[in-house]
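> Questions regarding the structure given below will be posed in turn.
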Amino acid sequence: MNRTSLPINEIVVPERFRKDLGDTTLLEDSIRRSGLIQPIVVSQDKVLIAGGRRLHCHIKLGLPAIDVVYKETLSEADRQEMEAVENIVRKQFTWTEETLAIAKIHQQHLREAALNGTEWNTRLACELFGISKGALGYVLVVAKRLEAELSLPEDKRKYHQFSSCFEAYRLGILGEIADAGLALLAKKHTALANTTNPPAPSARQPIEDPPSVDDLSKERAKYEENPLNTVPFEEYWEERKKTLVEREVLRSTVYLSNRILLMDSIDWMNENQGMIDHIITDIPYGIDLEMMNQVNVHGGLKDLETVEDEHDVKENMDLMCRFFRAAFHCTKEKAFVITYLDIMQWQYCYDLAVETGFKVQRWPYIWHKQSGGQNNCAYYNTTKNYDVIMICRKPGITLITPITSSIHLASHEAERRTYGHVFSKPSSITKTLAEAISLTGSLFLDPFAGRGSIAIELMKLQRRVVAIEKQDDHYNALLENTKRFYLSLNPNTTFL
């Protein structure tokens, strides 16, 4: 079958299976630019067999003739069969083939434009391929990954396993970016966790990352160029890899033994003068058990006797007296000391803090509990759905970020589930207070850490934290909750 040109008005178009020709804009543009790549097929009687869309584009473009190839004389049944077979069994590009084709054509147009002094840009590419500028962007990014994988065995081609270009970009490319961001965040948190010194990233020695496989030949050439290197490269490289592995272990190690402490916090505070930047905590206070019964009779608190033992009124009021003196002793010259407390102890703690030397905000910062509260004694008392927070400061320090209201509406249901305790505090309050009084890297103390709802939220804000708890069960939960946080950033984290 020889290719020849035939006037369009001589071609007979019979009744055809394909009724919807679809959007032919791209095909028209291609024909306008480069002519007809694949001629249409007609019978000896000039009856169209294959190429209805190509013929339609020529007519729309006003072209007088079209390239054809002739097929020997066919019966009507044969003609219909050929039309159907061409469209039914024709194999479409896979998404990877289409992605690579778009990238290759775009790059070729860029090269030719540079050589010929013509114009080619993303707008023209988008018009050619019928896709948006954003879609072209992620097609070109994914194409680079696909090209890099072509030399790998099929079972090693990660990007070829996705079901579409969009999925490869969303799960692959964006996943890599997210993983890289998480890894960087994990390094920052590990560094913060392992020092009590002010953060000075520029002063830290960089930890070298191992080179990629592609760079190994460069490493060999570089090593063998030096005449002083007499040890075989393979032996040198094995030692180098051991060193890199050891450094990686050090980089992913978090030293919790000097950060999460099981002891009496007052003793620790008295032994560490001027060490802490700020304190945010929830000091144990005497709980009105009638009020707790009012909220939920043995519903939220599974062991009310234990709670009562931990919050003995007389013992804890004595603890408050010792706490403010110890807090003043262990904090730096300009520091904030913030604690949750019961409204019944407000004036008592206020007087203690002032007597110790703190300046105290004269009104409390109020946590308005978004989830409300139950009240099984509603005919006797209004429902208590708030806690108060006392903000103390040493003379001469001010807030970094002003807080525009003394009432903070927040739920702690998520924190109760995460930390496993009914008295867990809302992360939004910890964030508001921490950002109002401190910068990244500041050293905080939570001397009554419980299961970590304050301390771990401070860690998430990239504050360094010493957390102390004296109850064994709370300490064990605090330790596990802290480990869970670091493992969420880096599953390879080890703890000492």
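No lab work stands behind these numbers, since they all come straight from the coordinates. Just so it is clear, the model here is predicted, and its values are computed rather than measured. So basically every Cβ, Gly included, is an ideal-geometry build from the backbone, and we count neighbours across all protein chains shown.
> Pairs Lys332/Lys483; Lys334/Lys359; Lys332/Lys359: which exceed 19 Å Cα-Cα? Walk me through the numbers before you get to the answer.
Working: Lys332/Lys483 28 Å; Lys334/Lys359 11 Å; Lys332/Lys359 15 Å.
The pairs that break the limit, which is 19 Å between Cα atoms, are Lys332/Lys483.
> Taking amide H positions as placed in the peptide plane 1.01 Å from N, state which residues far from Ile283 in sequence (5 or more) or on other chains have amide H under 5 Å from it.
Tyr340
> Using amide H atoms built in the peptide plane, which far-off residues or other-chain residues are under 5 Å from Ile49 H to H?
So Ile49 has HN proximity to Val41, Val42, Ser43.
> Moving to a separate point now. Among Ile397, Ile31, rank each residue by its count of other Cβ atoms within 10 Å, from fewest to most, as a rough exposure measure. Before the final figure, lay out each step's value.
Values: Ile397 15, Ile31 19.
Fewest to most other Cβ atoms nearby, the residues stand as Ile397, Ile31.
> For region 88-152, what's the relative contact order in percent, using C-alpha pairs closer than 8 Å and at least 6 residues apart?
Dividing the mean separation by the residue count of region 88-152 yields 41 percent.
> Sum up the charges of everything whose Cβ sits under 11 Å from the Cβ of Leu461, counting Lys and Arg as +1 and Asp and Glu as -1, but leave Leu461 out. Before the final figure, lay out each step's value.
On the way: positive: Lys431, Lys460, Arg463, Arg464; negative: Glu435, Glu457.
Within the 11 Å Cβ shell, the charges total +2.
> Further, regarding this structure: Classify region 446-490 as rounded, prolate or oblate, taking a ≥ b ≥ c as the square roots of the eigenvalues of its Cα gyration tensor: rounded when a/c is under 1.5, otherwise prolate if a/b is larger than b/c and oblate if not. Before the final figure, lay out the partial values.
Numbers: a/c = 2.71, a/b = 1.36, b/c = 2.00.
Verdict is oblate for region 446-490.
> Summing Lys, Arg as +1 and Asp, Glu as -1, what charge do residues with Cβ under 14 Å from the Cβ of Ile397 carry, Ile397 excluded? Can you show the working numbers first?
Numbers: positive: Lys332, Lys334, Lys359, Arg393, Lys394; negative: Asp277, Glu333.
The answer is +3.
> What order do you get for Tyr348, Tyr486 when you list them from fewest to most C-beta neighbours inside 10 Å?
Values: Tyr348 15, Tyr486 21.
Lowest count first: Tyr348, Tyr486.
> Taking the beta-carbon count within 10 Å as an exposure proxy, list Arg393, Arg416, Arg170 from fewest neighbours to most. Don't skip to the answer; put the middle values down first.
Working: Arg393 21, Arg416 18, Arg170 13.
Ascending Cβ contact count within 10 Å gives the list Arg170, Arg416, Arg393.
> Determine the sum of side-chain charges near Leu63: Lys and Arg each +1, Asp and Glu each -1, restricted to other residues whose C-beta is under 11 angstrom from that of Leu63.
Working: positive: Arg32, Arg54, Lys60; negative: Glu28, Asp67.
Net charge in that neighbourhood comes out at +1.
> Using r as the Cβ-Cβ distance of Glu176 and Arg111, and R0 as 35 Å, what FRET efficiency do you calculate, to the nearest 0.05? Could the numbers behind the result be given before it?
On the way: r = 28 Å, r/R0 = 0.80.
For R0 = 35 Å, the calculated efficiency reads 0.80.
> Does region 260-495 classify as rounded, prolate or oblate by the C-alpha gyration tensor (a ≥ b ≥ c root eigenvalues; a/c under 1.5 gives rounded; else a/b over b/c gives prolate, otherwise oblate)?
Values: a/c = 1.41, a/b = 1.15, b/c = 1.22.
Note, shape of region 260-495 comes out rounded.
> Another question about this same structure. Taking amide H positions as placed in the peptide plane 1.01 Å from N, state which residues far from Tyr386 in sequence (5 or more) or on other chains have amide H under 5 Å from it.
Amide H neighbours of Tyr386: Lys369.
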